[in-house]
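Student: Here it is, the structure in full.
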Amino acid sequence: MQNQLKLAVIASCVGQDGQVGDTSAYAAWFAAVTSLATLAVTTVVNGRREQRRWARDALTDAFVGFLEASWSYSDVVRNWPPGQELDPQALSRVSATMRTQLTRLRLLASDEVLQAGEDLMRSHKVLLQADAGRRESALESTSAARRRVVAVAKREMGL
C-alpha cells in the first residue's frame, strides 16, 4: 500500500515534459502525506481510547461481581439459624465467585484495591467462625470492609 502511494505521488510530481516541479503535484504530495499522518494518529488514539474503555468496563464488572458475592455471603450467614448447620455448598459457590473476581481485580487494579479485597475476604472468614453472640459484630466488620472496597473502587475509577 505504501509503495503504491509512493509511486502515485512520484508519478503525480512528474509533468508531461518529464520535469519534476509542478506546484499542484507538490500540493497533492503534501496532502497525501498529511492524510497518511492523520490516519496513523487517529488509529493510535482510537486504539488507546478503546483499550481504556475495555479496562474500565472490565474493572467495573469485577468490582460489581466481587461486591455482589460479598453481599450474598453475608446474607447466607445472617440468615443462618442458630444451632443449625450452615449450607457449605452455598458458601462454597459464593466464595468461589469472590475468589474469581478478586483474581480479576488483581490483574486490573492497584495494590490498594487488592489489599481492600483481601481484607474483605478475611472478614468473611471471621464472620463464618463467629458464634451467634458475635455474629452481628462480625457482620458490621464485614460491612465496614465492604465500604472500604467501594471507596477504593471509586478512587481507582476516578469517581
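The values are calculated or read from the model by the stated rules, or taken from the named source; none is laboratory data. Treat the numbers as computed from the prediction; the structure is a model and nothing was measured. Glycine also receives a Cβ, built like all others from the backbone with ideal geometry; neighbour counts cover every protein chain displayed. Areas reflect the complete protein model, heavy atoms only, side chains present, ligands, DNA and RNA absent. Shrake-Rupley method; radii C 1.70, N 1.55, O 1.52, S 1.80 Å.
Student: Of the conditions (1) surrounded by fewer than 19 Cβ atoms within 10 Å (Cβ to Cβ); (2) closer than 15 Å to Val76 by Cα, Arg155 satisfies every one except a single condition; which number is it?
Tutor: Single failed check for Arg155: (2).
Student: Hey, can you tell me all the residues within the stretch 61-72 that are under 11 Å from the mean Cα position of the chain (by Cα) and surrounded by fewer than 15 Cβ atoms within 10 Å (Cβ to Cβ)? Give the steps one after another, and end with the answer.
Tutor: Going through the stretch 61-72, the residues under 11 Å from the mean Cα position of the chain (by Cα) turn out to be 61-63.
Across the stretch 61-72, the qualifying residue is only Asp61.
Student: Still on this structure: Considering the stretch 73-94 alone, what residues qualify as being surrounded by fewer than 17 Cβ atoms within 10 Å (Cβ to Cβ), polar (S, T, N, Q) and part of a helix (DSSP H, G or I)?
Tutor: Those that are surrounded by fewer than 17 Cβ atoms within 10 Å (Cβ to Cβ), polar (S, T, N, Q) and part of a helix (DSSP H, G or I): Gln89, Ser92.
Student: Residue pairs, Cβ under 7 Å, 6 or more apart or interchain, first in the stretch 138-159 and within 16 Å of Trp71 (Cα to Cα), second open to solvent by 70 Å² or more (accessible area, probe 1.4 Å). List them.
Tutor: Every condition considered, the pairs that remain are Ala138/Val126; Leu139/Arg78; Ser141/Val126.
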